[in-house]
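Here's the structure, in structure tokens; my notes come after.
Rule-based calculations on the coordinates, nothing more; no lab input. All of these numbers come straight from a predicted model, not from anything done at the bench. A quick note on method: Cβ atoms are made from the backbone with ideal geometry, for glycine too, and the neighbour counts reach across all protein chains shown.
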Amino acid sequence: FRGRRHGRPASGLAGHRFLGYLQNHDQIGNRATEDALKKLLPQWIKEKNWLTRSVLVGGYQPGKGNRSATFGSLLLGVYDDDRLVYVGKVGTGFDEHTLTELTTAMRRLVRKSSPFSDEVPRAESRDAVWLRPELVGEVRFQGWTDGGRLRHTSWQGLRDDLDPASVRREGTDAG
């Protein structure tokens, strides 16, 4: 199946499968003709419902491979009353400049123990480098897990305009 992305419209059974996929699967319908698809496909767009959230960086996991000089993922938190609670990690959305910039900024914030009031899962805390929670960032994400963690996070950038103390749990946050 090549579809419009490669310059020609999808047709036949492949086109039918493509339309079913865009409608969240399990669709029943007739086989679309190429002419019908030319009319339908420009109007059909699959877009995820992304949310954004300000977070505090409370630590990081050291990088491996081509990221060995920087970090692999950031450990994130928000304040709930006066406690910093762990809300997950982010390991994507960084370009080379951002990796270098954040690594430099984090070096001056290193501390010996976790800043989080709750327990960070062992997989994330095992090799973690803990930080004073002074860096505010923004992530985009898909939603919250039942355990109060951000789901499918992607780094959007630092938020120099926000005071770390203002990054608080909101009514729409899980947990």
The stretch 77-168: Rg to Rh, with Rh as the Kirkwood radius over Cα pairs:
0.93
Less than 12 Å Cβ to Cβ from Asp160, Lys/Arg counted +1 and Asp/Glu -1: what total charge do the surrounding residues give?
-4
Counted charge near Ala105, where neighbours are those whose Cβ lies closer than 14 Å (Asp, Glu -1; Lys, Arg +1)
+1
If Lys and Arg each add +1 and Asp and Glu each add -1, what is the summed charge of the other residues whose beta carbon sits under 13 Å from the beta carbon of Leu84?
-1
What does the extension gain come out to for His152 and Thr52, with contour length at 0.36 nm per residue minus their alpha carbon separation?
34.9 nm
